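Have a look at the structure below before the remarks.
Just so it is clear, none of the values below were taken in a lab; they were calculated from the coordinates. Not measured: the values here are computed from a predicted model. Cβ coordinates were reconstructed from backbone atoms using ideal geometry, including for glycine residues, and neighbour counts include every protein chain displayed.
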Amino acid sequence: MAQLLITNAQIWDGDADSTYQGDVTIEGNRIVSVVRPNGDAPQPGGDVIDGSGMTLMPGLVEGHCHPSFTGVNEPPELGRIGPEEHMLLTAQNLRTLLDHGFTSIFEAASAKPLLGVTARNAIENGLIAGPRMRAASPEITTTAGLGDERLRHLHQESFGLVADGPDEMRRVARECVRDGVDNLKINISGDEFVSHARAEITPLEDEELAALVKVARTFGKTIAAHARSPQSVKMAVRHNIDCIYHCDFADEEALDMLESVKETSFVGPAFGLVHNSTREGEVAGITPEVCEQLDLYRKFDACCATYHEIRKRGIRVVIGGDYGFAVTPMGQNARDIEHFVRHFGYSPVEALRCATSVGAELLGMADSLGKVREGYLADLLLVRGDPTQDVSLLQHKENLAMIMKDGVLHKDPRGATADSGLIQAA
Ligand SMILES: [Zn+2]
């Protein structure tokens with residue numbers, strides 16, 4: 001089998017505190033050797049890529065990704081896009097993610113039941129370009145919960161699936177399993193922009209969550225939860241939810257509970273949307289007045305305080321910031337890494353781990369993904385400069401000289417791209 005050698009690069013392996021110089025050989029979709037300069041130099045029969053002046057690192061993993069969020073201003077707009085157009089826009093987002101170095105994503109909810117599943121299958125079958133993907137259900141919610149956009153007087157599609165009571169919850173969850181999802185997404189708390197169910201309200205009830213969890217466990221699916229209120233975080237922990245998103249308003253008891261499950265559960269702040277809304281919201285009509293109305297400044301501060309604490313307690317955190325709204329354009333996703341450094345107190349390398357090896361753990365692929373190691377899948381980036389010193393380098397796709405997913409070059413530093421139709425999004 002043909003081999004590819006990447007030589008002279010500084011390697012950041014997805015785990016270590018620093019980089020080292022080394023040579024990496026890829027055969028098929030696997031890394032077959034990683035050797036340091038004085039080791040046995042491999043003798044590849046194939047091609048060579050010179051990585052001088054660059055850092056070779058694992059492909060990025062988005063842990064809270066909504067590829068079917070297609071640049072809308074308000075969530076209800078997602079219900080108004082026809083399914084055919086929505087699928088194409090989703091495919092475009094997935095390509096944008098790969099163009100920006102995201103070789104894997106954990107979908108945090110699909111805007112329609114089959115968008116995520118269909119996209120995942122299309123990527124696996126080579127029909128469209130995109131990251132490897134764990135596909136999610138839509139946001140499962142209750143009447144009057146986040147994602148219930150229905151109106152009394154008018155039919156309106158939503159981005160959520162509404163289920164009330166354990167029986168409906170079981171049915172909806174099983175339907176999503178039948179669709180082929182990998183993850184079930186459940187909204188436990190509300191959110192600021194839902195006037196009747198703000199962030200600190202917890203519309204979901206214990207027996208409803210228990211019913212959904214039982215279905216997920218029966219069919220071997222992971223569960224991700226939207227949980228902003230302290231009660232919702234505690235419910236999520238009690239029910240062994242795999243990935244608990246947001247947790248902004250976690251109180252001391254909720255933090256203790258999160259810490260108690262840190263070997264089995266993950267959290268994700270999804271801070272990008274909060275950040276951009278409060279700092280850059282004007283472009284999308286989110287004025288300071290709107291931020292005040294929606295209490296977003298308090299949410300920003302609460303999120304920062306909570307994630308300082310979560311970092312200190314060693315709880316595993318994934319990046320991903322609800323990119324896919326007008327205020328959070330797809331492709332900006334790597335900004336989250338800098339947010340972790342700037343706002344949550346992470347060192348650059350700690351933040352990079354969240355964006356690579358920790359993400360791979362969330363995908364259930366800790367032994368095969370997210371590290372530059374012998375035997376691991378060849379999801380690799382060559383970055384101009386040293387992202388372990390400056391994580392912001394990853395925000396600019398011009399700095400990504402090479403993007404490889406599953407041993408295939410999506411972007412080739414030698415000039416030719418394997419995929420000639422690269423979308424040159426900003
Ligand atoms: Zn989200």
| said: Counting only other residues whose beta carbon sits under 12 Å from that of Val215, what net charge do I get with K and R as +1, D and E as -1? | reply: +3
| task | For each of His339, His308, count neighbouring Cβ atoms within 10 Å of the residue's Cβ, then give the residues from fewest to most. | result | His308, His339
| field | Cα-only radius of gyration and Dmax that characterise region 1-134, units Å | value | 18.8, 60
| task | Please work out the FRET efficiency for the pair Glu289 and Arg238, using the Cβ-Cβ distance as r and a Förster radius of 45 Å; give the result to the nearest 0.05. | result | 0.70
| query | Could you give the angle, 0 to 90 degrees to the nearest 10, between helix 206-219's Cα long axis and the longest principal axis of the Cα atoms of the chain? | reply | 40 degrees
| With labels modelled as points extended 7 Å from the Cα through the Cβ direction, what inter-label distance (nm, one decimal) is found for Arg414 paired with Arg171? | 5.8 nm
| Signed unit charges on C-beta, dipole axis of region 116-198, positive-most listed residue Ile188, Leu161, Asn121 | Asn121
| field | Nearest-20 debye value, region 112-231 charge dipole, Cβ charges on Lys, Arg, Asp, Glu | value | 500 debye
| task | Would you list which lysines come within 28 Å of Lys185, measuring only between C-alpha atoms, while excluding same-chain residues fewer than 8 positions from it? | result | Lys112, Lys214, Lys221, Lys234, Lys262, Lys299, Lys312, Lys371, Lys405
| request: Treat every Asp and Glu Cβ in the chain as -1 and every Lys and Arg Cβ as +1, leave all other atoms uncharged, and give the resulting dipole magnitude about the Cα centre to the nearest 20 debye. | output: 600 debye
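Tell me, what is the percent relative contact order of region 209-283, built from C-alpha pairs under 8 Å that lie six or more residues apart?
26 percent
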| In degrees from 0 to 90, rounded to the nearest 10, what is the angle of the helix 271-280 Cα long axis to the longest principal axis of the chain? | 80 degrees
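What is the chain's relative contact order, in percent, from Cα pairs under 8 angstrom and six or more apart in sequence?
Answer for the chain is 19 percent.
When the dipole is taken about the Cα centre of region 185-297, and only Lys, Arg (+1) and Asp, Glu (-1) are charged at their Cβ, what size is it in debye, to the nearest 20?
Rounded to the nearest 20 debye, it is 620 debye.
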| Just the projected area, averaged over all directions, of the convex hull on the alpha carbon atoms of the chain: how many nm²? | 19.6 nm²
| request: Quick one: among Gln21, Gln92, Gln389, which has the greatest mean-square fluctuation in a GNM of the chain with alpha-carbon springs under 10 angstrom? | output: Gln389
| note | In nm, the gap between the two label points placed 7 Å beyond Cα toward Cβ at Gln156 and Asp206 is 3.4 nm
